[in-house]
Amino acid sequence: DLSLLRFISAELTRGYFLEHNEAKYTERRERVYTCMRIPKELEKLMFFGIFLCLDAFLYVFTLLPLRVFLAMFRFITLPCYGLRDRRLLQPAQVCDILKGVILVICYFMMHYVDYSMMYHLIRGQSVIKLYIIYNMLEVADRLFSSFGQDILDALYWTATEPKERKRAHIGVIPHFFMAVLYVFLHAILIMVQATTLNVAFNSHNKSLLTIMMSNNFVEIKGSVFKKFEKNNLFQMSNSDIKERFTNYVLLLIVCLRNMEQFSWNPDHLWVLFPDVCMVVASEIAVDIVKHAFITKFNDITADVYSEYRASLAFDLVSSRQKNAYTDYSDSVSRRMGFIPLPLAVLLIRVVTSSIKVQGVLAYVCVVLFYCGLISLKVLNSIVLLGKSCQYVKEAKMEEKLFNPVLTATPGKPTGKQQSMFKSSQGISTDENGSTSVTNQPVHQKENTPSLLVTSNSDQFLTTPDGEEKDISQDSSELKHRSSKKDLLEIDRFTICGNRID
(Lines give C-alpha, C1' and ligand atoms only; values in the text may rest on other atoms or scores of the structure.)
Protein backbone atom coordinates (compact mmCIF):
# COMPACT_ATOMS: atom_id res chain seq x y z
CA ASP A 1 0.00 0.00 0.00
CA LEU A 2 2.51 2.59 -1.33
CA SER A 3 1.97 6.30 -1.29
CA LEU A 4 4.00 9.44 -1.76
CA LEU A 5 3.63 10.44 1.89
CA ARG A 6 4.89 7.07 3.14
CA PHE A 7 7.91 7.29 0.80
CA ILE A 8 8.80 10.79 2.02
CA SER A 9 8.29 9.70 5.63
CA ALA A 10 10.58 6.70 5.09
CA GLU A 11 13.26 8.92 3.55
CA LEU A 12 13.10 11.34 6.45
CA THR A 13 13.17 8.74 9.22
CA ARG A 14 15.41 6.12 7.60
CA GLY A 15 18.36 5.13 9.81
CA TYR A 16 21.64 3.26 9.40
CA PHE A 17 24.49 2.01 11.60
CA LEU A 18 28.12 2.64 10.61
CA GLU A 19 29.37 -0.02 13.02
CA HIS A 20 27.95 -2.67 10.70
CA ASN A 21 30.87 -1.93 8.39
CA GLU A 22 33.45 -1.05 10.99
CA ALA A 23 36.46 -2.35 9.07
CA LYS A 24 35.75 -0.20 6.03
CA TYR A 25 35.34 3.04 7.95
CA THR A 26 38.35 2.32 10.14
CA GLU A 27 40.40 1.86 6.98
CA ARG A 28 39.13 5.17 5.59
CA ARG A 29 40.05 6.93 8.81
CA GLU A 30 43.53 5.42 8.72
CA ARG A 31 43.95 6.73 5.17
CA VAL A 32 43.20 10.23 6.41
CA TYR A 33 45.74 9.84 9.20
CA THR A 34 48.28 8.52 6.70
CA CYS A 35 47.83 11.57 4.47
CA MET A 36 48.29 13.77 7.52
CA ARG A 37 51.54 11.97 8.39
CA ILE A 38 52.98 12.08 4.87
CA PRO A 39 54.33 15.68 5.01
CA LYS A 40 56.27 15.04 8.20
CA GLU A 41 57.69 11.66 7.15
CA LEU A 42 58.47 12.83 3.62
CA GLU A 43 60.27 15.95 4.79
CA LYS A 44 62.32 13.90 7.26
CA LEU A 45 63.44 11.72 4.36
CA MET A 46 64.07 14.76 2.16
CA PHE A 47 66.04 16.49 4.91
CA PHE A 48 68.27 13.45 5.39
CA GLY A 49 68.70 12.88 1.65
CA ILE A 50 69.56 16.52 0.91
CA PHE A 51 72.33 16.44 3.50
CA LEU A 52 73.61 13.22 1.90
CA CYS A 53 73.79 15.04 -1.44
CA LEU A 54 75.42 18.01 0.28
CA ASP A 55 78.04 15.71 1.78
CA ALA A 56 78.87 14.23 -1.63
CA PHE A 57 78.88 17.71 -3.21
CA LEU A 58 81.19 19.24 -0.56
CA TYR A 59 83.53 16.28 -0.97
CA VAL A 60 84.44 17.52 -4.46
CA PHE A 61 85.57 20.91 -3.11
CA THR A 62 87.18 19.88 0.17
CA LEU A 63 88.55 16.36 0.55
CA LEU A 64 89.00 15.47 -3.13
CA PRO A 65 91.80 18.06 -3.73
CA LEU A 66 93.59 16.85 -0.60
CA ARG A 67 93.25 13.20 -1.65
CA VAL A 68 94.56 14.04 -5.12
CA PHE A 69 97.53 15.84 -3.56
CA LEU A 70 98.32 12.84 -1.34
CA ALA A 71 98.02 10.45 -4.29
CA MET A 72 100.37 12.58 -6.42
CA PHE A 73 102.81 12.85 -3.50
CA ARG A 74 102.82 9.06 -3.17
CA PHE A 75 103.40 8.67 -6.90
CA ILE A 76 106.31 11.12 -6.89
CA THR A 77 107.98 9.65 -3.80
CA LEU A 78 107.39 6.04 -4.83
CA PRO A 79 111.06 5.37 -5.78
CA CYS A 80 112.10 6.28 -2.22
CA TYR A 81 110.04 3.44 -0.76
CA GLY A 82 110.54 0.84 -3.47
CA LEU A 83 107.95 -1.26 -5.24
CA ARG A 84 106.61 -3.34 -2.39
CA ASP A 85 103.32 -3.81 -4.19
CA ARG A 86 102.63 -4.61 -7.81
CA ARG A 87 100.36 -1.56 -7.99
CA LEU A 88 101.87 1.89 -8.27
CA LEU A 89 98.77 3.44 -6.70
CA GLN A 90 95.80 2.05 -4.85
CA PRO A 91 92.50 1.89 -6.82
CA ALA A 92 90.96 4.65 -4.71
CA GLN A 93 93.94 6.92 -5.42
CA VAL A 94 93.67 6.28 -9.15
CA CYS A 95 89.96 7.18 -9.08
CA ASP A 96 90.71 10.35 -7.11
CA ILE A 97 93.31 11.47 -9.62
CA LEU A 98 90.93 10.80 -12.51
CA LYS A 99 88.19 12.83 -10.83
CA GLY A 100 90.57 15.71 -10.18
CA VAL A 101 91.93 15.75 -13.75
CA ILE A 102 88.41 15.63 -15.21
CA LEU A 103 87.36 18.50 -12.93
CA VAL A 104 90.33 20.69 -13.95
CA ILE A 105 90.01 19.98 -17.70
CA CYS A 106 86.26 20.66 -17.75
CA TYR A 107 86.76 23.87 -15.76
CA PHE A 108 89.16 25.27 -18.37
CA MET A 109 86.86 24.10 -21.16
CA MET A 110 83.98 26.01 -19.56
CA HIS A 111 85.91 29.26 -20.07
CA TYR A 112 85.11 28.98 -23.79
CA VAL A 113 81.37 29.12 -23.02
CA ASP A 114 80.16 32.73 -22.77
CA TYR A 115 77.52 33.02 -20.07
CA SER A 116 76.51 36.58 -21.02
CA MET A 117 75.94 35.71 -24.66
CA MET A 118 73.88 32.67 -23.63
CA TYR A 119 71.79 34.85 -21.30
CA HIS A 120 70.92 37.41 -24.01
CA LEU A 121 70.26 34.64 -26.54
CA ILE A 122 67.75 32.98 -24.22
CA ARG A 123 66.19 36.28 -23.18
CA GLY A 124 65.39 37.12 -26.81
CA GLN A 125 63.15 34.05 -27.16
CA SER A 126 59.41 34.06 -26.62
CA VAL A 127 57.83 32.82 -23.40
CA ILE A 128 56.27 29.71 -24.93
CA LYS A 129 59.50 28.76 -26.64
CA LEU A 130 61.41 29.11 -23.38
CA TYR A 131 58.82 26.98 -21.60
CA ILE A 132 59.33 24.22 -24.17
CA ILE A 133 63.11 24.59 -23.92
CA TYR A 134 62.97 24.27 -20.13
CA ASN A 135 60.95 21.04 -20.37
CA MET A 136 63.39 19.63 -22.90
CA LEU A 137 66.29 20.52 -20.61
CA GLU A 138 64.71 18.59 -17.73
CA VAL A 139 64.34 15.49 -19.89
CA ALA A 140 67.91 15.84 -21.19
CA ASP A 141 69.24 16.24 -17.63
CA ARG A 142 67.61 12.96 -16.62
CA LEU A 143 69.04 11.20 -19.65
CA PHE A 144 72.53 12.56 -18.97
CA SER A 145 72.34 11.57 -15.30
CA SER A 146 71.12 8.09 -16.19
CA PHE A 147 74.06 7.38 -18.50
CA GLY A 148 76.70 9.59 -16.92
CA GLN A 149 77.49 7.50 -13.86
CA ASP A 150 77.85 4.43 -16.09
CA ILE A 151 80.49 6.29 -18.10
CA LEU A 152 82.39 7.29 -14.96
CA ASP A 153 82.14 3.80 -13.45
CA ALA A 154 83.43 2.30 -16.69
CA LEU A 155 86.43 4.66 -16.55
CA TYR A 156 87.21 3.85 -12.91
CA TRP A 157 86.99 0.09 -13.47
CA THR A 158 89.03 0.23 -16.67
CA ALA A 159 91.78 2.19 -14.93
CA THR A 160 91.91 -0.06 -11.83
CA GLU A 161 91.13 -3.49 -13.31
CA PRO A 162 93.83 -6.10 -12.58
CA LYS A 163 96.20 -6.28 -15.54
CA GLU A 164 96.51 -10.06 -15.45
CA ARG A 165 93.04 -10.45 -16.91
CA LYS A 166 92.34 -10.64 -20.59
CA ARG A 167 91.70 -7.21 -22.02
CA ALA A 168 88.00 -6.74 -22.80
CA HIS A 169 87.81 -2.96 -23.12
CA ILE A 170 88.79 -0.21 -25.54
CA GLY A 171 91.41 1.33 -23.25
CA VAL A 172 91.69 3.91 -20.49
CA ILE A 173 92.28 6.93 -22.77
CA PRO A 174 89.05 6.53 -24.81
CA HIS A 175 87.08 6.07 -21.60
CA PHE A 176 88.75 9.16 -20.16
CA PHE A 177 87.82 11.30 -23.17
CA MET A 178 84.24 9.98 -22.97
CA ALA A 179 84.07 10.99 -19.30
CA VAL A 180 85.48 14.47 -20.00
CA LEU A 181 83.01 14.99 -22.84
CA TYR A 182 80.11 13.85 -20.67
CA VAL A 183 80.98 16.12 -17.73
CA PHE A 184 81.49 19.08 -20.07
CA LEU A 185 78.19 18.60 -21.93
CA HIS A 186 76.27 18.00 -18.70
CA ALA A 187 77.77 21.17 -17.18
CA ILE A 188 76.66 23.17 -20.23
CA LEU A 189 73.18 21.67 -19.93
CA ILE A 190 72.91 22.73 -16.29
CA MET A 191 74.21 26.18 -17.25
CA VAL A 192 71.40 26.57 -19.79
CA GLN A 193 68.92 25.52 -17.08
CA ALA A 194 70.32 28.12 -14.68
CA THR A 195 70.28 30.78 -17.41
CA THR A 196 66.65 30.05 -18.28
CA LEU A 197 65.72 30.30 -14.60
CA ASN A 198 67.67 33.57 -14.38
CA VAL A 199 65.74 34.99 -17.34
CA ALA A 200 62.49 33.98 -15.63
CA PHE A 201 63.57 35.79 -12.45
CA ASN A 202 64.45 38.97 -14.34
CA SER A 203 61.35 39.11 -16.54
CA HIS A 204 59.14 42.11 -15.76
CA ASN A 205 55.73 40.40 -15.58
CA LYS A 206 57.03 37.13 -14.08
CA SER A 207 54.91 35.22 -16.60
CA LEU A 208 57.70 32.80 -17.51
CA LEU A 209 58.41 32.04 -13.84
CA THR A 210 54.71 31.41 -13.22
CA ILE A 211 54.49 29.04 -16.19
CA MET A 212 57.63 27.19 -15.09
CA MET A 213 56.27 26.75 -11.56
CA SER A 214 52.92 25.55 -12.88
CA ASN A 215 54.84 22.90 -14.79
CA ASN A 216 55.59 21.25 -11.43
CA PHE A 217 51.88 20.68 -10.83
CA VAL A 218 51.61 18.92 -14.19
CA GLU A 219 53.94 16.35 -12.64
CA ILE A 220 51.16 15.43 -10.21
CA LYS A 221 48.87 14.45 -13.07
CA GLY A 222 51.48 12.16 -14.58
CA SER A 223 52.30 10.40 -11.32
CA VAL A 224 49.40 9.98 -8.91
CA PHE A 225 47.20 7.88 -11.19
CA LYS A 226 49.88 5.28 -11.92
CA LYS A 227 50.34 2.08 -9.98
CA PHE A 228 53.30 2.25 -7.61
CA GLU A 229 54.96 -0.28 -5.38
CA LYS A 230 57.48 0.32 -2.63
CA ASN A 231 60.44 0.02 -4.99
CA ASN A 232 58.95 2.43 -7.50
CA LEU A 233 58.11 4.95 -4.78
CA PHE A 234 61.67 4.62 -3.50
CA GLN A 235 62.95 5.56 -6.94
CA MET A 236 60.65 8.56 -7.10
CA SER A 237 61.71 9.68 -3.62
CA ASN A 238 65.38 9.54 -4.61
CA SER A 239 64.59 11.47 -7.77
CA ASP A 240 62.77 14.15 -5.78
CA ILE A 241 65.70 14.48 -3.37
CA LYS A 242 68.14 14.92 -6.24
CA GLU A 243 65.85 17.36 -8.03
CA ARG A 244 65.32 19.49 -4.93
CA PHE A 245 69.04 19.70 -4.14
CA THR A 246 69.86 20.56 -7.75
CA ASN A 247 67.26 23.33 -7.69
CA TYR A 248 68.86 24.76 -4.56
CA VAL A 249 72.22 24.93 -6.32
CA LEU A 250 70.61 26.49 -9.41
CA LEU A 251 68.97 29.13 -7.21
CA LEU A 252 72.37 29.84 -5.64
CA ILE A 253 73.87 30.33 -9.11
CA VAL A 254 71.01 32.65 -10.13
CA CYS A 255 71.46 34.75 -6.98
CA LEU A 256 75.22 35.00 -7.54
CA ARG A 257 74.78 36.19 -11.12
CA ASN A 258 72.13 38.73 -10.15
CA MET A 259 74.11 40.08 -7.22
CA GLU A 260 77.13 40.52 -9.49
CA GLN A 261 75.07 42.55 -11.97
CA PHE A 262 73.92 44.88 -9.14
CA SER A 263 77.44 45.29 -7.67
CA TRP A 264 76.62 43.07 -4.67
CA ASN A 265 73.98 45.43 -3.36
CA PRO A 266 72.32 43.66 -0.40
CA ASP A 267 69.02 45.41 -1.12
CA HIS A 268 68.66 43.48 -4.37
CA LEU A 269 68.77 40.21 -2.41
CA TRP A 270 65.41 41.09 -0.85
CA VAL A 271 64.03 41.61 -4.36
CA LEU A 272 65.02 38.06 -5.28
CA PHE A 273 63.83 36.57 -1.99
CA PRO A 274 60.07 36.30 -2.85
CA ASP A 275 60.81 34.53 -6.15
CA VAL A 276 63.20 32.12 -4.46
CA CYS A 277 60.57 31.36 -1.81
CA MET A 278 57.96 30.76 -4.52
CA VAL A 279 60.20 28.25 -6.31
CA VAL A 280 61.04 26.37 -3.09
CA ALA A 281 57.43 26.41 -1.82
CA SER A 282 56.08 25.07 -5.11
CA GLU A 283 58.59 22.20 -5.05
CA ILE A 284 57.66 21.27 -1.48
CA ALA A 285 53.90 21.54 -2.15
CA VAL A 286 54.10 19.40 -5.29
CA ASP A 287 56.14 16.71 -3.54
CA ILE A 288 53.75 16.55 -0.58
CA VAL A 289 50.61 16.34 -2.72
CA LYS A 290 52.17 13.83 -5.09
CA HIS A 291 53.40 11.46 -2.39
CA ALA A 292 50.21 11.81 -0.34
CA PHE A 293 47.97 10.65 -3.18
CA ILE A 294 50.40 7.99 -4.41
CA THR A 295 50.43 6.39 -0.97
CA LYS A 296 46.64 6.73 -0.74
CA PHE A 297 45.86 5.12 -4.09
CA ASN A 298 48.39 2.29 -3.61
CA ASP A 299 47.66 1.53 0.07
CA ILE A 300 51.22 2.34 1.21
CA THR A 301 51.72 3.41 4.81
CA ALA A 302 53.71 6.44 5.89
CA ASP A 303 56.18 4.16 7.71
CA VAL A 304 57.70 3.25 4.36
CA TYR A 305 59.66 6.50 4.35
CA SER A 306 61.53 5.44 7.45
CA GLU A 307 62.51 2.29 5.53
CA TYR A 308 63.76 4.43 2.66
CA ARG A 309 65.77 6.51 5.08
CA ALA A 310 67.26 3.37 6.63
CA SER A 311 68.22 2.15 3.13
CA LEU A 312 70.09 5.39 2.41
CA ALA A 313 71.72 5.20 5.84
CA PHE A 314 72.79 1.63 5.10
CA ASP A 315 74.63 2.86 1.99
CA LEU A 316 76.49 5.46 4.04
CA VAL A 317 77.52 3.03 6.77
CA SER A 318 78.53 0.40 4.20
CA SER A 319 80.81 2.86 2.42
CA ARG A 320 82.65 3.50 5.70
CA GLN A 321 83.32 -0.19 6.28
CA LYS A 322 86.72 -1.77 5.85
CA ASN A 323 87.16 -3.15 2.33
CA ALA A 324 84.27 -1.05 1.02
CA TYR A 325 83.76 -1.65 -2.68
CA THR A 326 82.86 1.92 -3.65
CA ASP A 327 83.27 5.53 -2.61
CA TYR A 328 80.29 7.13 -0.92
CA SER A 329 79.94 9.95 -3.48
CA ASP A 330 79.65 7.33 -6.22
CA SER A 331 77.15 5.38 -4.09
CA VAL A 332 74.95 8.48 -3.86
CA SER A 333 75.25 8.93 -7.62
CA ARG A 334 74.06 5.41 -8.30
CA ARG A 335 71.26 5.52 -5.76
CA MET A 336 69.84 8.99 -6.48
CA GLY A 337 71.15 9.82 -9.92
CA PHE A 338 72.99 12.82 -8.44
CA ILE A 339 76.40 13.27 -10.11
CA PRO A 340 78.32 16.08 -8.37
CA LEU A 341 81.10 16.62 -10.94
CA PRO A 342 79.14 18.60 -13.62
CA LEU A 343 77.39 20.71 -11.00
CA ALA A 344 80.70 21.38 -9.23
CA VAL A 345 82.34 22.45 -12.52
CA LEU A 346 79.54 24.92 -13.21
CA LEU A 347 79.54 26.34 -9.67
CA ILE A 348 83.31 26.85 -9.73
CA ARG A 349 83.02 28.55 -13.12
CA VAL A 350 80.27 30.90 -11.90
CA VAL A 351 81.98 31.73 -8.60
CA THR A 352 85.36 32.48 -10.21
CA SER A 353 83.74 34.71 -12.84
CA SER A 354 81.48 36.51 -10.35
CA ILE A 355 83.97 37.09 -7.51
CA LYS A 356 87.29 38.76 -8.26
CA VAL A 357 90.14 37.86 -5.92
CA GLN A 358 92.71 40.69 -5.70
CA GLY A 359 95.18 41.42 -2.95
CA VAL A 360 96.63 39.53 -0.03
CA LEU A 361 93.55 40.01 2.14
CA ALA A 362 91.33 38.46 -0.55
CA TYR A 363 93.53 35.37 -0.73
CA VAL A 364 93.46 35.08 3.07
CA CYS A 365 89.65 35.19 2.92
CA VAL A 366 89.69 32.43 0.29
CA VAL A 367 91.88 30.24 2.52
CA LEU A 368 89.62 30.87 5.51
CA PHE A 369 86.55 30.09 3.39
CA TYR A 370 88.14 26.83 2.26
CA CYS A 371 88.90 25.89 5.88
CA GLY A 372 85.29 26.66 6.72
CA LEU A 373 84.10 24.36 3.93
CA ILE A 374 86.32 21.56 5.24
CA SER A 375 84.94 22.08 8.75
CA LEU A 376 81.39 22.00 7.41
CA LYS A 377 82.12 18.83 5.44
CA VAL A 378 83.66 17.05 8.43
CA LEU A 379 80.86 18.13 10.77
CA ASN A 380 78.20 17.10 8.27
CA SER A 381 79.88 13.70 7.75
CA ILE A 382 80.12 13.03 11.48
CA VAL A 383 76.48 13.91 12.12
CA LEU A 384 75.30 11.91 9.11
CA LEU A 385 77.33 8.87 10.15
CA GLY A 386 75.90 9.00 13.68
CA LYS A 387 72.34 9.39 12.41
CA SER A 388 72.87 6.63 9.86
CA CYS A 389 74.06 4.20 12.51
CA GLN A 390 70.98 5.09 14.55
CA TYR A 391 68.62 4.50 11.60
CA VAL A 392 70.31 1.20 10.72
CA LYS A 393 69.99 0.07 14.33
CA GLU A 394 66.32 1.06 14.49
CA ALA A 395 65.66 -0.84 11.25
CA LYS A 396 67.47 -3.92 12.69
CA MET A 397 69.88 -4.09 9.78
CA GLU A 398 73.00 -4.40 11.94
CA GLU A 399 73.44 -8.09 11.16
CA LYS A 400 74.03 -7.18 7.52
CA LEU A 401 77.07 -5.19 8.63
CA PHE A 402 78.57 -6.94 11.64
CA ASN A 403 77.94 -10.67 11.18
CA PRO A 404 81.16 -12.66 10.78
CA VAL A 405 82.05 -13.93 7.33
CA LEU A 406 81.48 -17.64 6.73
CA THR A 407 84.42 -19.04 4.81
CA ALA A 408 83.98 -21.64 2.12
CA THR A 409 86.07 -23.53 -0.35
CA PRO A 410 85.94 -22.23 -3.94
CA GLY A 411 83.34 -24.12 -5.90
CA LYS A 412 81.58 -25.31 -2.75
CA PRO A 413 78.65 -22.97 -2.09
CA THR A 414 77.32 -22.30 1.38
CA GLY A 415 73.81 -23.18 2.40
CA LYS A 416 73.06 -19.91 4.13
CA GLN A 417 72.04 -16.88 2.17
CA GLN A 418 73.55 -14.73 4.92
CA SER A 419 77.07 -15.65 3.87
CA MET A 420 76.26 -14.52 0.34
CA PHE A 421 75.21 -11.18 1.74
CA LYS A 422 78.40 -10.90 3.73
CA SER A 423 80.85 -12.09 1.12
CA SER A 424 79.53 -9.74 -1.52
CA GLN A 425 80.35 -6.77 0.66
CA GLY A 426 83.77 -8.00 1.77
CA ILE A 427 83.43 -6.93 5.42
CA SER A 428 86.05 -8.29 7.79
CA THR A 429 85.81 -8.32 11.57
CA ASP A 430 88.39 -8.38 14.28
CA GLU A 431 88.75 -11.10 16.91
CA ASN A 432 86.52 -9.13 19.24
CA GLY A 433 83.81 -8.88 16.64
CA SER A 434 84.24 -5.15 16.02
CA THR A 435 84.29 -3.86 12.48
CA SER A 436 86.36 -0.90 11.35
CA VAL A 437 84.43 1.99 9.82
CA THR A 438 87.26 4.37 8.97
CA ASN A 439 90.14 2.16 7.82
CA GLN A 440 91.19 2.15 4.19
CA PRO A 441 90.62 -0.91 2.00
CA VAL A 442 93.50 -3.36 1.96
CA HIS A 443 94.46 -4.78 -1.40
CA GLN A 444 94.63 -8.56 -1.50
CA LYS A 445 97.43 -10.22 -3.38
CA GLU A 446 96.52 -11.86 -6.64
CA ASN A 447 98.15 -15.17 -5.68
CA THR A 448 96.12 -15.51 -2.46
CA PRO A 449 93.26 -18.00 -2.86
CA SER A 450 89.84 -16.49 -2.35
CA LEU A 451 88.04 -17.64 0.78
CA LEU A 452 84.78 -15.90 0.03
CA VAL A 453 81.91 -17.15 -2.04
CA THR A 454 81.55 -15.38 -5.34
CA SER A 455 78.11 -13.80 -5.44
CA ASN A 456 76.21 -10.96 -7.00
CA SER A 457 77.03 -7.63 -5.36
CA ASP A 458 73.37 -6.80 -5.08
CA GLN A 459 72.34 -9.89 -3.11
CA PHE A 460 73.23 -8.48 0.29
CA LEU A 461 70.85 -5.57 -0.17
CA THR A 462 67.48 -6.29 1.38
CA THR A 463 64.59 -4.33 2.78
CA PRO A 464 64.85 -3.41 6.45
CA ASP A 465 61.76 -5.41 7.34
CA GLY A 466 62.37 -8.30 4.97
CA GLU A 467 62.79 -11.73 6.53
CA GLU A 468 65.31 -14.16 5.07
CA LYS A 469 63.87 -17.33 3.61
CA ASP A 470 65.58 -20.64 3.06
CA ILE A 471 66.67 -21.43 -0.48
CA SER A 472 64.88 -24.78 -0.40
CA GLN A 473 61.39 -23.22 -0.61
CA ASP A 474 58.84 -24.16 -3.19
CA SER A 475 59.61 -23.06 -6.73
CA SER A 476 56.28 -21.29 -7.04
CA GLU A 477 56.99 -19.09 -4.06
CA LEU A 478 60.51 -18.34 -5.30
CA LYS A 479 59.11 -17.39 -8.67
CA HIS A 480 56.67 -15.04 -7.01
CA ARG A 481 59.43 -13.49 -4.90
CA SER A 482 61.75 -13.03 -7.88
CA SER A 483 59.18 -10.88 -9.64
CA LYS A 484 59.80 -8.10 -7.13
CA LYS A 485 63.04 -6.41 -6.11
CA ASP A 486 63.87 -5.28 -2.62
CA LEU A 487 64.69 -1.70 -1.77
CA LEU A 488 68.40 -2.10 -1.24
CA GLU A 489 68.70 -4.34 -4.28
CA ILE A 490 68.30 -1.31 -6.53
CA ASP A 491 71.90 -0.17 -6.85
CA ARG A 492 71.17 2.72 -9.20
CA PHE A 493 68.17 4.94 -9.76
CA THR A 494 66.50 4.46 -13.13
CA ILE A 495 65.84 8.10 -13.80
CA CYS A 496 63.94 7.84 -17.07
CA GLY A 497 61.03 5.81 -15.70
CA ASN A 498 59.20 4.63 -12.63
CA ARG A 499 59.15 0.91 -13.40
CA ILE A 500 61.74 -1.76 -12.70
CA ASP A 501 61.67 -4.33 -15.46
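The values are calculated or read from the model by the stated rules, or taken from the named source; none is laboratory data. The structure presented is a predicted model; accordingly, all values stated were derived computationally and were not measured. Heads up, the Cβs are rebuilt from the backbone with ideal geometry, glycines too, and the neighbour counts pull from every protein chain shown. Accessible surface areas use protein heavy atoms only, side chains included; no ligands, DNA or RNA. Shrake-Rupley method; radii C 1.70, N 1.55, O 1.52, S 1.80 Å.
Here the range 140-289 has an Rg and Dmax of 20.1, 65 Å, counting Cα atoms alone.
The peptide list 289-295, 225-231, 352-358, 5-11, put in order of mean Cβ contacts within 10 Å with the highest first, becomes 289-295, 225-231, 352-358, 5-11. Working ranking of peptides 173-185, 272-284 by packing, defined as the average number of other Cβ atoms within 10 Å per residue, highest first, is 173-185, 272-284.
Placing dummy labels 7 Å off each Cα toward the beta-carbon, the span from W157 to K393 is 3.6 nm. Of the trypsin sites (Lys or Arg not before Pro) found in the range 117-185, those that fall in a DSSP loop while having at most 16 other beta-carbon atoms within 10 Å are K163, R165, K166, R167.
So for R257, R334, what's the accessible-area order with a 1.4 Å probe, most first? Before the final figure, lay out each step's value.
Numbers: R257 20, R334 50 Å².
Most to least solvent-accessible, the answer reads R334, R257.
Using a cutoff of 8 angstrom between alpha carbon atoms and counting only pairs six or more residues apart, the relative contact order for the range 230-377 works out to 33 percent.
Hey, what did the range 135-254 get for relative contact order, percent, Cα under 8 Å, at least 6 apart?
Working: 41 pairs, mean separation 33.0, N = 120.
That works out to 28 percent.
Please compare each pair in K226/K296; K221/K290; K40/K377; K24/K227; K242/K400; K44/K387 to a cut-off of 20 Å on the Cα-Cα distance and tell me which ones are over it. Exceeds cut-off: K40/K377; K24/K227; K242/K400. Once the C-beta distance of E229 and F147 is scaled by a Förster radius of 25 Å, the resulting FRET efficiency is 0.50 to the nearest 0.05.
Do any chymotrypsin sites (Phe, Trp or Tyr not before Pro) in the range 296-326 lie in a DSSP loop with no more than 16 other beta carbon atoms within 10 Å, and if so, which? The partial results should precede the final answer.
Values: sites: F297, Y305, Y308, F314, Y325; in loops: Y325.
In loop regions of the range 296-326 (DSSP not H, G, I, E or B), the sparsely surrounded chymotrypsin sites (Phe, Trp or Tyr not before Pro) are Y325.
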